[in-house]
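Report on the structure given below.
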Amino acid sequence: MFKKITLFVLAQLFALIIGCAIMMFLALLLGYFLFGDICAKEQLEIVDSPNKNYKIVTYRENCGGATVDFAVVGELCTEDHKCKEIYDCYHEQDSYVYWIDNETVSINNKVLNIIKDKYSWKDDENYYEHLYKN
């Protein structure tokens with residue numbers, strides 16, 4: 001008798017744990033489809049290239065509220081409104097964009113060739129050295 005009660009309680013507990021896990025998964029899935037990307041983006045500036053064929057659009061991105069610092073993201077956009085991300089740097093709030101020539105741009109003192117370069121703080125070996133330099 002005691003053995004049957006123990007198995008029944010364990011089975012109920014297991015079902016409760018599985019049910020809670022399924023409900024949490026469905027809540028996350030529903031939240032993703034309802035709210036999409038939870039990163040707040042604030043447009044900072046739009047700077048046209050000298051020949052007006054391209055523009056750089058920069059955004060301040062906040063993906064974690066009070067627990068995460070801002071990041072600056074830069075997109076290269078063409079005349080036909082196709083955009084690709086070419087700049088991503090964490091621990092930044094402002095953007096300073098200027099074009100050096102028709103194919104070279106400086107975003108927050110990072111010089112990029114728009115045809116072949118892309119900057120991401122995650123790939124920068126010297127990122128933390130520059131970040132915490134006095």
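Among the residues of region 124-134, those identified as farther than 12 Å from TYR90 by Cα and modelled with pLDDT of 70 or more are GLU125, ASN126, GLU129. Scanning region 105-129 for residues that are exposed (fewer than 15 other Cβ atoms within 10 Å of the Cβ) and touching a Leu at 6+ places or on another chain (Cβ under 8 Å) turns up just one, SER106.
The values are calculated or read from the model by the stated rules, or taken from the named source; none is laboratory data. None of these values were measured; they are calculated from a predicted model. Backbone-built Cβ (ideal geometry, glycine too); neighbour counts: all protein chains shown.
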